[in-house]
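Values in this text are rule-based calculations from the coordinates and carry no lab data. No experiment lies behind these values; they were computed from the predicted model shown. Here the Cβ positions follow ideal geometry from the backbone for every residue, glycine too, while neighbour counts run over all protein chains shown.
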Amino acid sequence: MSELASPPSGAATPGETSEEAPLVPEQQRADGSASDVPTVRTTPAHDVPTAPAVPPVPSGTIAGSLLASRYRLRTRVGTDPAACAEFWRAEDTILRRDVAVTVLRRPAPGAVLDDDLTDVARAEQMVVRALRSGSFEHNGCARLLDVLTPGASTVPEDVLGAAVTEWVPGRSLGEVVADGLIKPLAAARAVAPLAAAAEAAHRHGLVLGCDHPQRVRITPDGRAQLCFALPRSNVTPADDVRGLGAVLYTLLTTHWPLSSADAARAGLAAAERTPGGALLPPSEHRPGVPVELDTLTSGTLGPDGAPGHVHTAAAVQRLLTEVVAEDDRMALFPPAHDGVPSAPGDVWQERSRSTTPSDPQRRRKMTIALTALGAAVLMVLGYLGVQLGDMFVENGGPPIVVDGAPVQPSPGTEPQVAASPAGPTVAVAGVDVYDEVGDRDNADRVTRVIDGNPATAWNTSSYFQQFPALKPGVGIMVSFASAVQLSELEIDSPSRGTVVEVRSAPTADASLEDTERIAEATLDAGRTPVSLDGSQPVEHVLIWITKLSGGGSEHTSEIGEIEFRRAGV
């Protein structure tokens, strides 16, 4: 069943009656199963009544307006005049969640646009593009939920169409760079998922429209993600490639290199140029920018046919992936000065920093010294143990006193060796809700499981029936900066009886059948340790919930914190 027609699998169906136009039938996946695709409210032109029974909605979109009797506009966060589009943060009043709504407005009289199409033709082209992208999903862009077309009485007269997508939590580009420069490698890591989404979209004959600064947002875990749909009618894959370069350039320099008008609307400074009109490379604005990122920005933003011009999103993704991988390999060496102060958790710190973590080399030397001292102590204790054993060999050894009562050791029993403590915790690079068939339960809260505060928690939706009646399960996909050998994880949860599988995954968006089960555990109320001894190094770990807590007609589980511990340390 489509998203518009019903809430996510297992969620309570709101008591609502509606007299909407017929819905477009669901698209089918390759295996024949129904795909969760956006739905469309539309009335064919020849069926539009000349005198509607219900008075039309007043012209204009303002905060508080209700579109399609469902989406209440809350805050306008941007505009794209070239597409006659407004970007709104809105509320889905049925499913009680935030959504992003792109509204196509009828151009004002005398407006100058970049094509010769009529208003209606332009909007139709943009809506058709949105419909074609209905089955496209990628973690680098928000999922399309709904498409609205004019003709219904619940759509204002001057609205020529609208697209509803998931709301991307986090901050806009302008808000991110307002705090100052970020590290170049953090910028490369941020743009890599967006580049992967553009590459996948282009392979399917689609475009994203990421060449506008207010269409892109940065998630709390530092990923650039496309939030607003309905790009301009004449946007091309080449525009997406320029957009990727522009987002990277902005994160590196705090300046937007494309339209200066768009930069002003987004609260960004326009990029500086040479007298000949060429962009200043990021390394001219700040130190420490790798030459690969300098080359990539000039290659994506330079004119067609220029030496080193980058033509495809695949090339952008490949270069960003190589830069990030090289940074991971060089983590043992001090980075070049990049004009950004070291964060408290960074391995390498400036000498001028007043409070710094222990120097890694000093820690290594202390570890060697303590190991040598421990070995010497063990040798002395071993020698003393042999001498004492010889003294008491006749009577089986000295008595063992427990609470004042002497106890003779049983013949043939071996002394118990205390288990070594678990290793240090492993930092998590990214976390997301994993759900192949549903609505990614409360995805905007999932970062709470790694915020170090057990008082904040993520929870699943409330389901009428236990898994797998409605879906096989729901999970949390955790990603590390590089492959790590784990010894244990610990889950803090109040949901006693929840059953989880710990599974390794080749990628963050791998299908469930491509993951491999490492361990299984039933959660207690509180902290539940799960041993991962003997597992292989992993970069992505899926905490897959196969049984929810609760009973009757209410099944839900809550997780407050997840901690991973490294093996062999």
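In a solvent-free Debye calculation with one equal scatterer on each Cα, what is log10 I(q)/I(0) for the stretch 489-569 at q = 0.10, 0.12, 0.15 Å⁻¹, listed in the order of the q values?
Debye output, listed in q order: -0.25, -0.36, -0.56.
By count of other Cβ within 10 Å, fewest leading, how are Lys471, Lys365 ordered? Numbers along the way, then the final one.
Working: Lys471 16, Lys365 11.
Listing Lys471, Lys365 from fewest to most nearby Cβ atoms yields Lys365, Lys471.
Name the residues whose placed amide hydrogens come within less than 5 Å of the amide hydrogen of Glu520, ignoring near sequence neighbours (fewer than 5 apart) on the same chain.
Sorted by chain and number, the residues that satisfy this are Val502.
Sequence-distant or interchain residues sharing an amide H contact under 5 Å with Gly161, placed H: which?
Here Leu104 satisfy the definition.
Once amide H atoms are placed 1.01 Å from N in the peptide plane, what residues at a sequence separation of 5 or more from Val484, or on another chain, have their amide H within under 5 Å of its amide H?
Val538, Glu539
Under 24 Å Cα to Cα from Lys471, which lysines show up? Leave out anything in the same chain fewer than 8 places away.
Cα-Cα hits under 24 Å: Lys547.
So if we plug the beta-carbon distance of Ser462 and Asp514 into 1/(1 + (r/R0)^6) with R0 = 35 Å, what FRET efficiency do we get, rounded to 0.05?
Plugging the Cβ-Cβ distance into 1/(1 + (r/R0)^6) gives 0.75.
Express in nm, to one decimal, how much length is gained between Arg329 and Thr93 on full extension, taking 0.36 nm for each residue of separation and deducting their alpha carbon distance. Working shown, then result.
Working: separation 236, 0.36 × 236 = 84.96 nm, distance 4.79 nm.
Using 0.36 nm per residue and subtracting the Cα-Cα distance, I get 80.2 nm.
Give me the log10 of I(q) over I(0) for the stretch 430-566 at q = 0.09, 0.15, 0.18 Å⁻¹, as the Debye formula computes it from C-alpha points; what are the numbers?
-0.23, -0.66, -0.99
Using the Cα atoms of the stretch 62-190, I'd like the radius of gyration and the largest Cα-Cα distance, Dmax, both in angstrom.
Considering the stretch 62-190 through its Cα atoms, Rg and Dmax are 16.2, 50 Å.
Tell me, what is the FRET efficiency for His309 and Glu436 to the nearest 0.05, using R0 = 45 angstrom and their Cβ-Cβ distance as r? Kindly include the intermediate steps, with their values, before the conclusion.
Numbers: r = 39 Å, r/R0 = 0.86.
With a Förster radius of 45 Å, E is 0.70.
Taking the stretch 451-525, which GluC sites (Glu not before Pro) meet the DSSP loop condition and have no more than 14 other C-beta atoms within 10 Å? Don't skip to the end; give the middle numbers.
Numbers: sites: Glu488, Glu490, Glu501, Glu513, Glu516, Glu520; in loops: none.
Answer in residue order: no site qualifies.
As a test of the definition: which semi-axes, in Å, follow for the stretch 171-329 when you take the square root of five times each eigenvalue of its alpha carbon gyration tensor? Largest first, please. Please report the intermediate quantities before stating the final value.
Working: eigenvalues 76, 65, 60 Å².
Rounded to whole Å, the semi-axes are 20, 18, 17.
Given bins 10 angstrom wide, list per bin the percent of all Cα-Cα distances in the stretch 514-553, short to long.
In order of increasing distance, the bins hold 20, 50, 24, 6 percent.
Once the stretch 415-505 is represented by equal point scatterers at the alpha-carbon sites, with solvent omitted, what log10 I(q)/I(0) does the Debye formula produce at q = 0.17 Å⁻¹?
-0.88
As an exercise, identify the GluC sites (Glu not before Pro) in the stretch 112-192 lying in DSSP coil whose Cβ has no more than 15 other Cβ atoms within 10 Å.
Glu157
R0 = 41 Å: FRET efficiency of Arg496 with Arg132, Cβ-based, nearest 0.05? Intermediate values should be presented prior to the final figure.
Details: r = 47 Å, r/R0 = 1.14.
So, using R0 = 41 Å, E works out to roughly 0.30.
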